1. Which of the residues belonging to segment 6-49 are part of a loop (DSSP other than H, G, I, E, B), closer than 25 Å to ARG123 by Cα and of a type in the set (A, V, I, L, M)?
2. What pairs can you find where one residue is in segment 269-284 and not assigned by TED's automatic domain parsing to the domain that holds TYR343, the other is surrounded by fewer than 20 Cβ atoms within 10 Å (Cβ to Cβ), and their Cβ atoms are less than 8 Å apart, with a gap of 6+ or different chains?
3. For residues that are touching a residue at least 40 places away in the same chain (Cβ under 8 Å) and among the small types (Gly, Ala, Ser), scanning just segment 64-75, find the one that is nearest to THR224 (Cα to Cα).
4. Based on what the data block shows, is PHE260 in contact with an Asp or Glu (Cβ under 9 Å, 6 or more places away or on another chain) and assigned to a loop (DSSP other than H, G, I, E, B)?
5. Every residue in segment 102-134 that is assigned to a loop (DSSP other than H, G, I, E, B) and within 12 Å of LEU150 (Cβ to Cβ), please.
6. How many residues are surrounded by fewer than 17 Cβ atoms within 10 Å (Cβ to Cβ), touching a residue at least 40 places away in the same chain (Cβ under 8 Å) and not in a loop (DSSP other than H, G, I, E, B) when one looks only at segment 311-338?
7. Tell me the residue from LYS79, LYS94, LYS66, LYS14 that is basic (Lys, Arg), in contact with a Gly (Cβ under 8 Å, 6 or more places away or on another chain) and either under 28 Å from ASN177 (Cβ atoms) or at pLDDT 95 or above (or both), please.
8. Mind listing whichever residues of segment 50-63 are in contact (Cβ under 8 Å) with a residue 24 or more places away in the chain and either closer than 29 Å to PHE131 by Cβ or assigned to a strand (DSSP E or B) (or both)?
Amino acid sequence: MSTWLDQNIEVFRKILSLPLGVAQSANYELMSLLQTLADIKILSFSSNSEVNGWIVPENCRVEVAKISSGGELLFDGTKHPLAVIANSRSFSGKVDKSTLENHVFYSRLEPESFAFHCTNNYRPWSSDWGFCVPWTEFSKWEYETFDIDLRTVFEPSEMLVGVYELSGESEDTVVFNAHTCHPTQFEDGFSGIAAILEVMEYLSGLKNRRFTYRAIFAPEHIGTVFYLHNLSVAERSKIKAAVFTEMIGLNQPLAVQESFSGTHGIDRVARKIAYELEPGSRIGEFRSIVGNDETVWEAPGYEIPCISISRCFESPFYYSGYHTSADRIEHSNFERRSAAIRYLQTVVSVFETDMIPKRKFEGLVALSNPRYDLYVRRPDPTVPTEISESQVRLGEAQDKILRYLNGELSVFEISEIMDLPFDTILQYLRKFEDKGLIVLEPAVGVQSLLNRQATVAQTMKVQQPRN
């Protein structure tokens, strides 16, 4: 069966051929292509606009980019979007080998690929110039001097931010974020965009969405800086949590990076579901696994809890093709991608289906009475029977669970305490509701996990579950 990405792969192949950047003119085509997949609105921010020292650069157009020696052309930097460093300045003249080495960048891990040098994207005041030459080429240059003819033109432009929103019954909003500024690279950026669009398609199919979900596609850091700066305080207050995602097609276990506090509802759900779906998942503290826009969402005055979902394990060399032209869509592990997307869908489904159980009885209920038929059989040395491990654990839980039906805890929080899967507890308590013993009310508003911080005791309980 084909996946969502299989069905839309040609769109992403076109995107990955574009010379993208923070404010490159090709970004208009990028947004047009993404608009064929979803109803994405576009925000724009003019070149030289500034927020807290972050400055939107101009469009950089490479006209000539040649390295020669003795009249022999060695390298033409116009042949690939990564062959000249991002926002390179012009330079013409003769240099020796040692000088050139300071202006040529490459990857030894991917010696035949172009490296991605992006520093100037965030430092438009920089006067640096340079080329990205595959190591297999550069290592063969044994000349003493080189002639450089690098001419770039800077033109006023705009930084584009794509916004795609699905409204819910509540204005409480969860944001999904991925970046758009890594040209020709799939896992580092566009893998996340594809995943978010697939999750949003899943959410669009829900009959009644409780919460609002918003996708933000923007240049790394600076795009979110300007997006949040231009929201009103009232609009920002509606954003209860953010999820940054990328690199989900790596052949590694799931990696969940916590928010700054690590105690928000988004942390608790993300951790628990990761352990349930992929027991070998890595859980790390804020900025301990990967570094992206988490710092923007969590910045002082905003403090929006932001987690990151990826398959990153060895920082900063996450995979051999990282920040190179070898980061191709063909190298993505589609099975791992699909598992990560199922994980993200499960996380949001917890928020959408979490309930507050409120009991309608007092005293001990005879769960085995045919009127209720809620007793979960447990091992009995006098009654031989086969009982699964999950049934044993649910049987243990039934002795305690009645005390938690006080209207203060949600089903998810009870599942944390019971150390059982959320769905297991939810389905069990739905049977209680069917028998008229409790009422299940949607966990929204102040009772939603999006508006609740964990207690110290709850945080300590959210560990990797028993095998």
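1. Residues of segment 6-49 that are part of a loop (DSSP other than H, G, I, E, B), as a first pass: 8, 16-26, 36-40, 47-49.
Narrowing further to those that are closer than 25 Å to ARG123 by Cα: 16-26, 47-49.
Across segment 6-49, the qualifying residues are LEU16, LEU18, LEU20, VAL22, ALA23, ALA26.
2. none
3. Within segment 64-75, the subset touching a residue at least 40 places away in the same chain (Cβ under 8 Å) is 64-70, 74-75.
Restricting the remaining residues to those that are among the small types (Gly, Ala, Ser) gives 65, 68-70.
Values: ALA65: 32, SER68: 41, SER69: 44, GLY70: 47 Å.
Checked segment 64-75; the qualifying residue nearest to THR224 (Cα to Cα) is ALA65.
4. Details: in contact with an Asp or Glu (Cβ under 9 Å, 6 or more places away or on another chain): yes; assigned to a loop (DSSP other than H, G, I, E, B): yes.
For PHE260, the condition - in contact with an Asp or Glu (Cβ under 9 Å, 6 or more places away or on another chain) and assigned to a loop (DSSP other than H, G, I, E, B) - is met.
5. Residues of segment 102-134 that are assigned to a loop (DSSP other than H, G, I, E, B), as a first pass: 102-103, 106-114, 116-118, 123-130, 133-134.
Residues satisfying the conditions are HIS103, ASP128, TRP129, GLY130.
6. Of the residues in that region, 2 qualify.
7. Matching residue, one of LYS79, LYS94, LYS66, LYS14: LYS66.
8. Taking segment 50-63 and keeping what is in contact (Cβ under 8 Å) with a residue 24 or more places away in the chain, we get 51-52, 54-63.
Those that are in contact (Cβ under 8 Å) with a residue 24 or more places away in the chain and either closer than 29 Å to PHE131 by Cβ or assigned to a strand (DSSP E or B) (or both): VAL51, TRP54, ILE55, VAL56, PRO57, GLU58, ASN59, CYS60, ARG61, VAL62, GLU63.
The values are calculated or read from the model by the stated rules, or taken from the named source; none is laboratory data. Since we're looking at a predicted model, the values are computed, not measured. Using ideal geometry, Cβ is built from the backbone for each residue, glycine included, and neighbour counts are taken over all protein chains shown.
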